[in-house]
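Coordinate-derived values only; no laboratory data. Bear in mind the structure is a predicted one, so any value in this text is a computation, not a measurement. FYI the Cβ positions are ideal-geometry reconstructions off the backbone, even for glycines, and counts take in every protein chain you see.
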Amino acid sequence: MLSTGTQAGWATVGLPGGVTAPGAARRPAHLLLTVAVVLVATVVAYLGVLGWDQHKTVGPDGFEHGPYEPWQVVAVGAVIAAVAVWCGLRRAVWTGTVTATVVLTVCWSVDAASGGDADGLWPIGAFLVACGTFGGFFAVAVVARSARRGRAGEARPFTTG
């Protein structure tokens, strides 16, 4: 049977045999706030910066490029990175990483699959978006979490939860 309690200011879950997992139990409000902020920020960033640009352009090399310009991808990446820092500082690395990965991948997939010039390769792009979002978000959030951990006077064990 699971039991909950606190140990040195950390939320814990008592597992069978008396084993406790630091940070395993989170208040639902903390979890919901994290999911809501990451979801809204990701959707707004995608729709506001990438979602409106649907036209490919022919470059000087004669090939189609786009539909996104480099500044658009950098802008979305900057928003996602800022959200990752926020999640890292809140000790919500996994929650933020999974939420951002799912939301951005779904937004991109719907956009790519429903486009008039869809060539059927969108699942490969969706996989790449998911891998890039997961890896980038997780790395930034862990660095932010480590920076918080390194502040003077805070001697808490590192967890990515």
Item to complete: Using the Karplus curve 6.51 cos²θ - 1.76 cosθ + 1.60 with θ = phi - 60°, work out ³J(HN,Hα) for each residue of the stretch 48-58 in order, rounded to whole Hz, and write x for Gly and Pro.
Response: x, 10, 10, x, 8, 8, 10, 9, 7, 10, 8
Worksheet item: From the residues Thr95, Thr42, Gly115, which one has its Cα farthest along the dipole of the stretch 27-149 in the positive direction, the dipole being from +1 and -1 charges on Cβ of Lys/Arg and Asp/Glu about the Cα centre?
Response: Thr95
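If I take R0 = 35 Å and measure r between the Cβ atoms of Val43 and Phe63 in this structure, what FRET efficiency does the formula 1/(1 + (r/R0)^6) give, to the nearest 0.05? Walk me through the numbers on the way to the answer.
Values: r = 31 Å, r/R0 = 0.88.
Efficiency computed from Cβ-Cβ geometry: 0.70.
Highest mean first, what order results for 52-64, 36-48 on Cβ atoms within 10 Å?
Values: 52-64: 9.8, 36-48: 17.1.
Ranked by mean Cβ neighbours within 10 Å, highest first: 36-48, 52-64.
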